[in-house]
Structures are given as structure tokens and as C-alpha cells.
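Novice: Quick one: this structure, given as C-alpha cells, is what I'll be asking you about.
The values are calculated or read from the model by the stated rules, or taken from the named source; none is laboratory data. Note that the structure is a prediction, hence the values are computed from the model and not measured. Here the Cβ is made from the backbone with ideal geometry for all residues, glycine too, and neighbour counts use every protein chain on show. Quick note on the areas: whole protein, heavy atoms, side chains included, nothing else; ligands and nucleic acids left out. Shrake-Rupley method; radii C 1.70, N 1.55, O 1.52, S 1.80 Å.
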Amino acid sequence: MNLNQITVPSLDLEKSIPFYQKLGLQLIVEAVPHYARFECPEGDATFSIHQVEELPSGNGVYVYFECSDLDEHVKSLLEKGIAFEELPNDKNWKWREARLRDLDNNQIILFFGGENRKNPPWRI
């Protein structure tokens, strides 16, 4: 198996599409108001948003996007007006992460894991 895409809920795709484009995703399907799909700038994965009447309750969705140049990418996003809840910092699980939320309160984590992305010291 290979992961093809992640889809997250959105109340308003016309507002959400520009947000994800600002993050660096390339819009490849625009079926507003119901669905939009993006390509990640690196790799083969895609990401999509779909319209919902009501957002799920609880902690919601966490989506991780890996950035080889995390600090520079975050700096660029800050200059574009993207607000972060947490700026890049080193985590005890050996990743460097920055955290923000999209317009629908989905948690977006930009990170750099390097070798530890799939092979942390505690890997089985």
C-alpha cells in the first residue's frame, strides 16, 4: 500500500483553497463548493478538502507536512500573513515542528524529521 491522500473537512472551500495554496500546495481539482484537491510540492501524496455542514467535535484532524527547509518555509509563511500557534522548535521525539490551524480548526504541523521520520531510535 501507499498513502494517496488525506481529506479534511471544511465549511467554506472558497476560503480554504487560498489558505492551502499559501502553504505551498498546488490546486489540481476545483469542484467548488464541494471538493478541492492539491498536490504536495514534493513526493506523490495529495491532500484534499471537502465541504461539510458541520465540523466534527473533539480534537479534530492532525495533518503533518514535512519540509526539508522548515525554518525558511515558516519564515516565508509568516511574511505572507500565516499565523502560527507554535514556531519551529525541537521536540523530544527528534523532530523539529511548527504548528498552526487552518480556517476550519484542523491542526497543521509542518515538520522536519530527517532520518528520524521513519527510523527513530525506538523503532521496532
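Novice: Quick test of your reading of the structure: His50 fulfils all but one of (1) open to solvent by 40 Å² or more (accessible area, probe 1.4 Å); (2) touching a residue at least 24 places away in the same chain (Cβ under 8 Å); (3) more than 28 Å from Met1 (Cα to Cα). Name the failing condition by number.
Specialist: (3)
Novice: For the range 1-27: of the residues being surrounded by fewer than 12 Cβ atoms within 10 Å (Cβ to Cβ) and among the aliphatic types (A, V, I, L, M), which is farthest from the chain's Cα centre (by Cα)?
Specialist: So, considering only residues that are surrounded by fewer than 12 Cβ atoms within 10 Å (Cβ to Cβ) and among the aliphatic types (A, V, I, L, M), the one farthest from the chain's Cα centre (by Cα) is Met1.
Novice: So for the range 75-96 (the condition being part of a loop (DSSP other than H, G, I, E, B), among the acidic types (Asp, Glu) and open to solvent by less than 50 Å² (accessible area, probe 1.4 Å)), does at least one residue qualify?
Specialist: no
Novice: So, one more: So which residues in the range 109-124 are assigned to a loop (DSSP other than H, G, I, E, B), basic (Lys, Arg) and either under 26 Å from Gly24 (Cβ atoms) or open to solvent by less than 100 Å² (accessible area, probe 1.4 Å) (or both), if there are any at all? Spell out how you get there, then give the answer.
Specialist: Of all residues in the range 109-124, those assigned to a loop (DSSP other than H, G, I, E, B) come to 113, 118-124.
Okay, now just the ones that are also basic (Lys, Arg), so 118, 123.
Lys118 - this is the single residue of the range 109-124 that is assigned to a loop (DSSP other than H, G, I, E, B), basic (Lys, Arg) and either under 26 Å from Gly24 (Cβ atoms) or open to solvent by less than 100 Å² (accessible area, probe 1.4 Å) (or both).
Novice: Can you confirm whether Ile49 is aliphatic (A, V, I, L, M), in a loop (DSSP other than H, G, I, E, B) and modelled with pLDDT of 95 or more?
Specialist: No; evaluated as a whole, the condition is false for this residue.
Novice: Next question. Take Val29 and decide whether it is part of a strand (DSSP E or B) and either of a type in the set (A, V, I, L, M) or at pLDDT below 95 (or both).
Specialist: In short, yes.
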